[in-house]
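Some notes on the structure that comes next.
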Amino acid sequence: MFYPDLMTCTYNKVRNGFVQSALVTIGWLERDYHFSTGETPTAFAEKLLDLCDNSIYRIRSNYVCDLCTKLDSQAIVEAEIWVPGKENKIYVAPSLIYHYVTEHQYRPPDEFIEAVQLAQRGLSQQEAHELGPEEPHLLHNHFLRQYGPVSSEWKSMFGK
């Protein structure tokens, strides 16, 4: 499932009149859409792997990378990682992001690279639930509700 990097989905959890955090998409790639490529720091990839090893919102089915035919444990999305960032942002990425970075040279936006390198850890499922939806669902379900399914307009804007 494709979502452009840095797309914001704001949940309705409000405390003291303010939305607590905004979820920001990172690394939701598909074959038919353009994505940034380039080198990333080695320390970033190592830290990203640690975050992926402690992912949350595990799903019952697998979404295999459609950018390649390689099938290994890192080429299957099983969950999400939620990484705290500046300005109350929470970056939400599929656990497949490590595979995208190391196998397809995907280069996430600099602000995400910085957030990963500064993160002590990703958010736990409990923390994500407290900041996010009333019922835990994958980010995809919330974006479908907010933006609808991927349209031909998206393909023309972000497609190859």
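The values are calculated or read from the model by the stated rules, or taken from the named source; none is laboratory data. The structure displayed is predicted, hence computed values, not measured ones. Heads up, the Cβs are rebuilt from the backbone with ideal geometry, glycines too, and the neighbour counts pull from every protein chain shown.
Structural remarks
- Residues (among the small types (G, A, S), under 18 Å from Y106 (Cβ atoms) and modelled with pLDDT under 85) located in region 35-72: S55
- Options L131, L139; residue that is touching a Ser or Thr at 6+ places or on another chain (Cβ under 6 Å), of a type outside the set (D, E, K, R) and either within 23 Å of R58 (Cα to Cα) or at pLDDT below 60 (or both): L131
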